Amino acid sequence: MDLMHHSSTFLLPTIPLHHRPSLTYALVVLNQTLPRFAPLLWKHAQLRLCADGGANRVFDEMPLLFPEEDASDVRRRYKPDVINGDMDSIRKEVLDFYRSLGTKIIDKSHDQDTTDLHKCITYIWDFAPDANKSSLCILVAGALGGRYDHEMGNLNVLYCFSSLRIVLLSDDSLIYLLPRTHHHEIHIQTSVEGPHCGLIPIGVPSRSSTTTGLQWNLNNTEMRFGGLISSSNIVVGEKVTVQSDTDLLWTISIKKL
Amino acid sequence: MPLLFPEEDASDVRRRYKPDVIKGDMDSIRKEVLDFYRSLGTEIIDKSHDQDTTDLHKCITYIRDFAPDVNKSSQLCILVAGALGGRYDHEMGNLNVLYCFSSLRIVLLSDDSLIYLLPRTHHHEIHIQTSVEGPHCGLIPIGVPSRSSTTTGLRWNLNNTEMRFGGLISSSNIVVGEKVTVQSDTDLLWTISIKKL
């Protein structure tokens with residue numbers, strides 16, 4: 001079984017030059033309050049998308065993160081490459097503003113079968129050449145909190161696109177999938193994340209999961225809802241390994257910097 | 001609480017909203033707060049020796065042991081504020097408490113949504129209070145895929161439909177009217193939006 005490496009370098013001020021794995025980041029902004037480190041994610045991303053009302057958030061809230069600067073300057077600087085979605089939340093003034101700046105507007109209002117996040121992931125999937133998909137990492141701001149059915153729908157997107165690296169971020173936590181097809185090495189960036197963490201068998205019980213690097217490690221341990229799940233765990237040191245018979249959700253706390 | 005009654009004196013509000021019990025591992029409560037409520041007669045239960053269960057789990061256990069047996073299954077409903085949002089591992093731990101105590105009615109509430117378990121042991125009738133909740137809702141197969149779920153009263157009803165993570169789950173659904181029925185081969189999580197009043 002192949003090894004898959006994970007590291008939250010997207011939370012670091014600068015990404016170390018020879019860092020492995022070398023990843024290309026895309027950022028998707030959904031319609032929730034921007035996390036305080038949104039400008040950092042924006043800086044690391046080579047493609048920036050807003051899902052429908054996420055454009056309102058960038059328009060309204062990016063200037064608030066730079067209170068000493070002129071709002072128009074900030075808005076021009078943080079211009080999304082694409083706005084994608086069913087367009088039922090974005091304000092007309094926001095749409096016109098970004099359209100006039102050259103943002104690509106993709107109106108998917110005819111498609112009511114998928115969430116705005118799903119549409120954005122599909123767009124990125126179609127946009128990225130096959131050769132690059134394994135080095136692609138999609139960062140999502142605003143997927144957690146708010147309406148709970150939305151949060152669950154967003155979580156499901158991770159499982160639907162399990163061959164893509166997708167990270168859901170809030171101010172407090174980040175979460176991503178550890179597919180059962182791989183052994184996993186998670187390199188903990190202790191300056192920005194941890195120590196609180198968890199491993200969650202969301203969709204299917206796990207008959208056997210094994211970890212190293214946690215305060216309470218699993219050792220061929222069964223996990224399931226209604227029984228044991230690994231929450232309120234603690235990372236010890238800088239490397240965590242995970243192997244499991246099912247897809248597990250990894251979550252770790254983000255430090256308040 | 002005083003912030004929700006800005007026109008009143010803060011001390012009066014605090015005295016009026018006095019908890020009966022404060023329980024948990026006591027690593028977050030401020031000393032001044034603990035002393036204040038202790039002086040008012042609140043029962044303080046220090047479970048700092050128990051690091052195996054979450055604070056919510058400890059509270060549910062207390063309520064379950066406190067409530068007379070005859071009332072437990074049908075009459076008791078535990079409302080939980082603050083279980084969602086914040087640290088995600090905590091949110092998942094709180095969700096798991098619903099599954100661990102599946103014979104108890106437990107409702108997790110945030111400003112935006114409420115969620116509770118629909119145990120597979122029963123058919124369910126959900127009477128929608130349209131003045132305060134809806135229309136956005138969902139049915140989520142957490143923990144185990146569902147081979148067959150059936151609903152009425154939703155915009156997109158399920159009809160012996162399979163649901164699983166990685167495939168179809170019922171999110172961004174809409175309640176139509178005032179009654180929703182659900183039956184399933186697994187425990188499902190019901191969630192509905194709370195109206196901004």
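Readers should treat all values here as calculations from the given coordinates under stated rules, not as data from a laboratory. All values derive from a computational prediction rather than experimental measurement. Here the Cβ positions follow ideal geometry from the backbone for every residue, glycine too, while neighbour counts run over all protein chains shown.
Rounded to the nearest 20 debye, the dipole magnitude of region B:111-196 is 140 debye, with +1 charges on Lys and Arg beta carbons, -1 on Asp and Glu beta carbons, and the Cα centre as origin. Rounded to the nearest 20 debye, the dipole size of the protein assembly as shown about its Cα centre is 400 debye, using +1 on the Cβ of Lys and Arg and -1 on the Cβ of Asp and Glu. From least to most packed, judged by other beta carbons within 10 angstrom and beginning with the fewest, B:Met163, B:Met26 follow the order B:Met26, B:Met163. Give the shape of the protein assembly as shown as rounded, prolate or oblate, defined through the alpha-carbon gyration tensor: a ≥ b ≥ c are the square roots of its eigenvalues, a/c under 1.5 means rounded, and otherwise the shape is prolate if a/b is larger than b/c and oblate if not. Cα axes put the protein assembly as shown in the rounded bin.
Remark: mean inter-chain Cβ contacts per residue of A:226-238 equal 4, using a 10 Å Cβ-Cβ cutoff to other protein chain atoms. What does the C-alpha gyration tensor say about the overall shape of region B:1-51? Classify as rounded when a/c is under 1.5, otherwise prolate if a/b is larger than b/c, or oblate. Prolate, since a/c reaches 1.5 and a/b exceeds b/c.
One chain, two ends: A:His110 and A:Ala71. Fully extended at 0.36 nm per residue, the span grows by 10.7 nm beyond their Cα-Cα distance. Spin-label pair A:Ile234-B:Glu43: with each label point 7 Å from Cα along the Cα-Cβ axis, the two points sit 3.0 nm from one another. Peptide A:201-211 is shielded by partner chain Cβ atoms: per residue, an average of 3 of them sit within 10 Å of its Cβ.
If you wrap the Cα atoms of region A:173-257 in a convex hull and average its projected area over all directions, you get 4.9 nm². With everything on Cα atoms, drop me the angle between helix B:55-66 and the longest principal axis of chain B, reported from 0 to 90° to the nearest 10. Compared with the principal axis, the helix lies near 90 degrees. If you take the Cα centroid of region A:25-45 and the Cα centroid of region B:142-197, the two points sit 31 Å apart. Taking one quarter of the surface of the convex hull spanned by the alpha-carbon atoms of region B:11-133 gives a direction-averaged projected area of 10.0 nm².
Sorted from fewest to most neighbouring beta carbons within 10 Å, what does the list B:Cys59, B:Cys137 look like? It would help to have the intermediate numbers written out before the result.
Numbers: B:Cys59 20, B:Cys137 26.
In order of increasing Cβ crowding within 10 Å: B:Cys59, B:Cys137.
State, as an integer percentage, the relative contact order of region A:21-171 based on alpha-carbon contacts under 8 Å between residues 6 or more apart. It rounds to 29 percent for region A:21-171. Largest GNM mean-square fluctuation across A:Leu228, A:Leu218, A:Leu169, computed for chain A with C-alpha springs under 10 Å, falls on A:Leu228.
Note on the protein assembly as shown: antiparallel DSSP beta bridges, both residues inside, total approximately 60 percent of the bridges counted.
For chain B, find the longest principal axis of its Cα atoms and tell me its angle to the long axis of helix B:31-40, 0 to 90°, nearest 10. So the helix axis and the longest Cα principal axis differ by about 80 degrees. Among B:Leu117, B:Leu98, B:Leu168, the largest mean-square fluctuation in a Gaussian network model of chain B (Cα springs under 10 Å) belongs to B:Leu168.
Just add up the charged neighbours of A:Leu49: K/R +1, D/E -1, any other residue whose Cβ is under 13 Å from the Cβ of A:Leu49.
That sum, taken over residues with Cβ under 13 Å, equals +2.
A Gaussian network model of chain A, with springs between Cα atoms under 10 Å, assigns the largest mean-square fluctuation among A:Asn233, A:Asn132, A:Asn56 to A:Asn132. The listed peptides A:6-13, A:114-121, ordered by packing as a protection proxy, come out as A:114-121, A:6-13 (highest mean of other Cβ atoms within 10 Å first).
Peptide A:240-249: average number of partner chain Cβ atoms within 10 Å per residue?
Details: counts 0, 0, 0, 0, 0, 0, 0, 2, 0, 4.
So the per-residue partner count for this stretch is 1.
Convex hull volume per residue, computed on the Cα atoms of chain A, equals 132 Å³. As a proxy for reagent exposure, ranking B:Cys77, A:Cys160 by other Cβ atoms within 10 Å from fewest up yields B:Cys77, A:Cys160. Give me the Debye-computed log₁₀ of I(q)/I(0) at q = 0.15, 0.21, 0.22 Å⁻¹ for region B:58-185, equal point scatterers on Cα only, no solvent, two decimals. Per q value, in the given order, log10 I(q)/I(0) is -0.80, -1.44, -1.51.
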